[in-house]
Structure formats: C-alpha cells, structure tokens
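Written below as structure tokens is the structure these notes are about.
What follows is calculated from the coordinates using simple rules that are stated; it is not laboratory data. This structure is a prediction, so every number in the text was calculated from the model and none was measured. Note: ideal-geometry Cβ built from the backbone for every residue, glycine included; neighbour counts use all protein chains shown.
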Amino acid sequence: MSPLGAGGGAPPPLRGDLELVAAMIDGGRVLDVGCGEGELLAYLTLYKGVDARGMELSQTGVNACVRRGLSVIQGDADHDLKDYPSDSFDYVVLSQTLQATRQPRGVLEHLVRIGRRAIVSFPNFGHWRVRIGLSLGGRMPNTPFLGQNWYDTPNIHFCTVRDFLALCDEMGVVLERSVTLDRFGRPFRLNPRHGLANMLAEQALFLLRRDRA
Amino acid sequence: MSVAEFAPPSIRPGHRLSVDEPLRLDSGAALADYAIAFQTYGRLNEARSNAVLVCHALTGDQYAGPEPHPITDKSGWWSTVIGPGKVLDTERYFIISTNVIGGCMGSTGPSDLNPATGKPWGLSFPVITIADMVRAQVKVIDHLRIDRLFCVLGGSMGGMQVLQWAVSFPERVFAAAPIASAARHSAQNIAFHEVGRQAIMADPDWCDGNYLDFDKRPRRGLAVARMAAHITYLSEQALHRKFGRNLQDRRAVTYGFEADFQVENYLRHQGTAFVERFDANSYLYITRACDYFDLAAEHGGILANAFRGTPTRFCLISFTSDWLYPTSESRAIVHALNAVTANVSFVEVETDKGHDAFLLEEPEFFATLRGFLAGCARHRGLPAG
C-alpha cells in the first residue's frame, strides 16, 4: 500500500479543521501530537514538503501511521513531550486533544517550548448550544462535537475560548492568528476575545508562540 | 582435531571473507587475522544503494533466508521475512547476513584453531563485544563496496548490533530497525546469561573450555543453558497455550523424574537439538558480549549523546508480552532519539508470543516493518513497491 499517494494532482480533501491547520504551515519540521492515523502528516509530507513527525496514544493509530511510512511514535502529550528539546520544531500541532490531557497548562508550555509556533484547536465549551444544554436542559453537553456521555468521555478539561485566552495571557503566550468556526465548521470573522465569538464558535484554532521578550 | 563433527567451513554454502589485517577489540586484545562467513539474498543494484544488513540474535547465524540450513536442514531463522515479495523483498533489496565474530558457523570463534598454538582457541579466544561484531561486519560491507547500507535491522542481540552500527557509523546507515532489543543489558538479562554459562561450565565435559582437545562436548551443560534461555524467549501465556499441564504420551504422572509433562519434553528437545548446531564456548563469548553492551556508558551515561546529529531514520518495535527485552527498553531508546530530534518511529505490537515474536508470523509486525521500509525507500529514491 502506498497511502502517501503517487503524488501530483490536486490534494485530497482534509477534515475541515485539519485543512485550516495545514494552511497555517509553510514547510519546515512539524510535530503532530495526537496525530491519529496520520491524515495531516501524510498531507503535509506530500503537499508541503514538510519533515513531519507524529505522536499518538492509540496503538492502532501509531501502527497505521508507520504502515503508511510516517515517522510516528507511541506516546502521550502529558508524559512524552518533555523529552523534546526546545525549538526543535517549526510547528507543533495539538488538534482537538488539549481537552483530553491531564495537565493542559503543562502541555501548552511544552508546545510553545518545543515549537517555534504551536497550533492548538479545541471544542469551545462556551458555545451557545453547550450553554443552553447545561442551563436549560440541566444536562452535560452532548453536541456532535462533544458526543460522549460525561462518564465515558476522554475529554476531562473543557475550556471556553475566553478561558483559553486567559491562560495564554497568564503564561505570556502570544496569539499570532486565530480562527473560530461555527457549528457548520465555517470560519467567521470576529475577534476571538469578543464575547459573541465565545458564544458562536463551536471550535477554535490558534497559532501561538511563546513571548520571546 | 575434532571440529569436523561441527561441519567445517569448507562444506558450508555461502561466502567467507578472510581478513588478514588485525581486528582491534574493545578488550585491548587483537585478532591477527579472522574470517567472517555471510550469506546474501537478492541482487545489489548498480548504485549499490539497496543493501540491507540483517543481524542475527544470540543463537542465530548467517542462514537467515529460505534456503535449508546446512546442519538442521530447516529454513533460516528469518525465512518468514526474507524472500520474493516478503517484507525483505529479495526482488528489491540485496540482503546481507553475517555470522558474528565469536560465532561457530564459519566466522572466527573459539572453536577455530589458534594460529599461534595450532590448537582450538577455547578460552584463550579474546572476549568480544557487540562493537567488535560490528567492526568485523564493516569489513564485509567494505568488501562488497557498499558505502551506505539502506537499512540495518535485527532482533534481540541483532538489535544491539543495529544500534551500534547507527552510533559508530551513522553516515553508513540510512535506516535502522532494532527490534525487541535494548541499549543495555539489564541485571535480569545478565542474570539469565550467567545461569546459562554456569550450566556449561559445570558440565565435566566442558574440560575448562578445552573440550575439543579431548574430543568431548559439554552437551548436557549447553542443553540446560538452552532450556533456561528458551523459557525467557516465551511468554507465560504462550507456554500455557501451547502445553498447559498436558502430559507427554501418558495418561497419568509416573511419580518419577521422566518428562511427564509436554513442556518438559519440549524443553529437552530444544536443548538436545541446539547442541547439534552450536558451540558451547561460542555461547559463553556471545552471551558475554551482550552483557557488556551499554551504549550510554561510552557517552557519559546519557544515551541521547550517542545519537546526537544522527542522520539515520529509526524504527523501534517491541512486543507486549516480551519480558526479556520489554517495551520500556525500546521506549528508553525512543526517548533518547527524541531528545536529539532524530527521525524515529516506534510501535509496540500486541502479541502473547513473548520475545520470540520477532521470529514468528506476526502480521502487525510485518506490516509495520514493511511500511517503515517503504517510507525509507521513498526517501532514499528506491522503488517503494
């Protein structure tokens, strides 16, 4: 099998948020933390000439990646980022995984330490559907994006866009670019710090770097 | 002398490179001249860029491929992996498999004649290390005029040679796959080896290592060493699945010390079959080489330093039920490689077959290795298949 494709032709479509991640990357060395079956890595390798590496918790995911010829190790964001030296990657990607880590703050520190840039995306717990579900329904949110029951979800550290930005400010992490997506996965233009953005964004995606001042 | 029983090199198929310059050893001693026996499979391409070096484990040898072994008549130890269309595809790769220095299948070892005395070396053979094995292999690769190996791979002690290759000759190793291996021998590893060595030495037929002079062989001691070692290659589940408490050709226990249980019979068979093809002193020397292996030690105790700046692409593979070289050992190597941002993949394969899984039919393992090699081939500009 040759899943990296034969090359040439138009790039195949990527999952919506990964497409946005890929658009932020312009080559260099990339580490995708929680890379799943390597969809983004394969795309970056093939179409952006990136030196792509991955880390994935699930064994089936890792095996699928290595079978595709990608450089991926088994590991998890909470424990295994500490081994990487500072500034060893141009981009470190953490896509839809932050809320599943034990120490989101520690993980974020490592992301901006290891990478010259970090790209982080997560489901926004401040989205209006979440708020309504909790305030009126009295139940934990069960949206297409947060589709599991409270007792079996891997997502243990939810945050809203405002929570996340407050943490970045506290840590001195600089926001370089942000994309907020509505519930149809469409990006909309609104300052992420705006209260309305926090209501309308079902997902958020940030390009970050540590403050070098 | 009585090594004839041991099938002298002349009647063995394959190649044997005689080197008439000294091999300087880690111990400080040197072998004035020596020979390395090796097998090859497939064809070397014009650019000499498709060469794969396969490194054997403790009791393996150069007969890795599908051809019948000259002593056992069985196919080679990696015949599941090497062949047309297989993971190590002989239609695409040129595969080289050498017998380690200190071995007993044609490479210079303790059962050969010491040119200074005209008698078998025995324990006067110098102690060798994993790095010495690699130094000797380099001569074969030089002889074949291969500058850079496409891949070096092997399991267990073979994996140690892979790591040593990558550390000692990084520019000559494009890709490296140490499988079910470790960057150092643990206390437990050393302990099991010591049991094996003591079993050999306790056999009166060992004759202080000079058994060939007396036309004897320490069969019982070597067989016991093999029996003990064989247990470490299997998992508890695998042993139980295979044998349980089943009795051997009998309905009830005999209240004696015959092999009542199938597992006893199996181990005795493993032991006696092994002594037909392996030299007891070679077993001592090669186990010692493993025990002395500690890649970090020569780099200030920090394993990452051994790999700093490495251009090699690595793939580490471990097996869940391998308690001899457990996943934690592979993971320690992965951490060291990450610390120097080396290009590394790591897969732990779920299996109940224990350490021996790397020698067996394991689809997940094969798929991983195949994917890694295909990815590396693309980067090396070889047909990826």
Going by Cα centres, the range A:47-85 and the range A:135-205 are how many Å apart? 25
Say the dipole of chain B comes from +1 at the beta carbon of Lys and Arg and -1 at that of Asp and Glu; which of B:His269, B:Leu295, B:Gly28 then lies farthest toward its positive end? B:Leu295
Dipole of the protein assembly as shown, positive direction: furthest Cα of B:Leu113, B:Gly209, B:Ala377, with charges on the beta-carbon: B:Ala377
Can you flag which of B:Lys74/B:Lys139; B:Lys74/B:Lys242; B:Lys74/B:Lys216; B:Lys86/B:Lys353 are past 23 Å Cα-Cα? B:Lys74/B:Lys139; B:Lys74/B:Lys216
Using a ≥ b ≥ c from the Cα gyration tensor of the protein assembly as shown (square roots of the eigenvalues), is it rounded, prolate or oblate, where a/c under 1.5 gives rounded and otherwise the larger of a/b and b/c decides, a/b for prolate? prolate
When the expected Rg is taken as 2.2 N^0.38 Å, what fraction or multiple of it is the alpha-carbon Rg of the range B:190-287? 1.20
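Roughly how many debye, to the nearest 20, is the charge dipole of the protein assembly as shown about its Cα centre, given +1 on each Lys and Arg Cβ, -1 on each Asp and Glu Cβ, and no other charges?
1480
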Any chance you could list P(r) for the range B:5-157, counting all Cα-Cα pairs in 5 angstrom bins from zero, rounded to whole %? 2, 9, 19, 22, 20, 14, 8, 4, 1, 0
With θ set to phi - 60°, apply the Karplus curve 6.51 cos²θ - 1.76 cosθ + 1.60 along the range B:272-282 and write out the HN-Hα couplings as whole Hz, x wherever there is a Gly or Pro. 6, 5, 5, 5, 6, 10, 10, 8, 4, 5, 4
Once the Cα gyration tensor of chain A is diagonalised, what are the square roots of 5 times its eigenvalues, in whole Å and ordered largest first, as equivalent ellipsoid semi-axes? 27, 20, 18
Which chymotrypsin sites (Phe, Trp or Tyr not before Pro) in the range A:164-213 sit in a loop by DSSP (not H, G, I, E or B) and have at most 12 other Cβ atoms within 10 Å of their own Cβ? A:Phe184
Take every Cα pair under 8 Å in the range A:85-213 that's 6+ residues apart, average their separations, divide by the length, and report that relative contact order as a whole percent. 30
What number comes out for the charge environment of A:Asp51, summing +1 per Lys or Arg and -1 per Asp or Glu over other residues with Cβ under 14 Å away? +3
Principal axes of chain B: Cα extent on each, largest first, Å: 63, 52, 43
Taking the Cα-to-Cβ direction at B:His143 and at B:Ala252 and moving 7 Å from each Cα, how far apart do the two end points lie in nm? 6.2
How high is the FRET efficiency from B:Asn305 to B:Val195, r the C-beta distance, R0 30 Å, rounded to 0.05? 0.35
A:Arg116 long-range amide H proximity, modeled H, under 5 Å: A:Phe89, A:Asp90, A:Tyr91
Please tell me the relative contact order of chain B in percent, rounded to the nearest whole number, where contacts are Cα pairs under 8 Å and at least six residues apart. 17
Within a Cβ distance under 10 Å of B:Gly76, other residues only, what is the Lys/Arg minus Asp/Glu net charge? -1
Find how many whole Å separate the alpha carbon centroid of the range B:19-39 from the alpha carbon centroid of the range B:105-149. 5
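Have a look at the DSSP beta bridges in the protein assembly as shown and tell me what percent are antiparallel, nearest 5.
40
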Check which residues have an amide H placed less than 5 Å from B:Asn114's amide H, if you skip close sequence neighbours. B:Lys119, B:Trp121
Picking from B:Gly309, B:Gly122, B:Gly159, which is most flexible by a Gaussian network model of chain B using Cα springs under 10 Å? B:Gly309
Placed amide H near B:Ser235: partners under 5 Å, 5+ positions off or other chain: B:Gly354, B:His355
Dmax and Rg, reported as Rg then Dmax, of the range B:231-368 (C-alpha, Å): 19.8, 63
Divide by every residue of the protein assembly as shown the summed helix terms, -39500 (n - 2.57) for each DSSP H run of at least 4, and state the resulting mean residue ellipticity at 222 nm, rounded to the nearest 500 deg cm²/dmol. -10000 deg cm²/dmol
Can you give me the relative contact order of the range B:190-287 as a percent, contacts being Cα pairs under 8 Å and 6 or more apart? 30
Top mean-square fluctuation among B:His15, B:His230, B:His240, Gaussian network model of chain B, C-alpha springs under 10 Å? B:His240
Looking at the range A:60-139, which trypsin sites (Lys or Arg not before Pro) are in a loop (DSSP not H, G, I, E or B) and have at most 10 other Cβ atoms within 10 Å? A:Arg139
With label points built 7 Å along Cα→Cβ from the Cα atoms of B:Lys242 and B:Arg24, find their separation and express it in nm. 4.4
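How would you classify the range B:20-93 from its alpha-carbon gyration tensor, with a ≥ b ≥ c the square roots of the eigenvalues: rounded for a/c under 1.5, else prolate if a/b is greater than b/c, otherwise oblate? Intermediate results must be reported in sequence, preceding the final value.
Numbers: a/c = 2.60, a/b = 1.51, b/c = 1.72.
Oblate is the answer for the range B:20-93, as a/c is 1.5 or above yet b/c matches or exceeds a/b.
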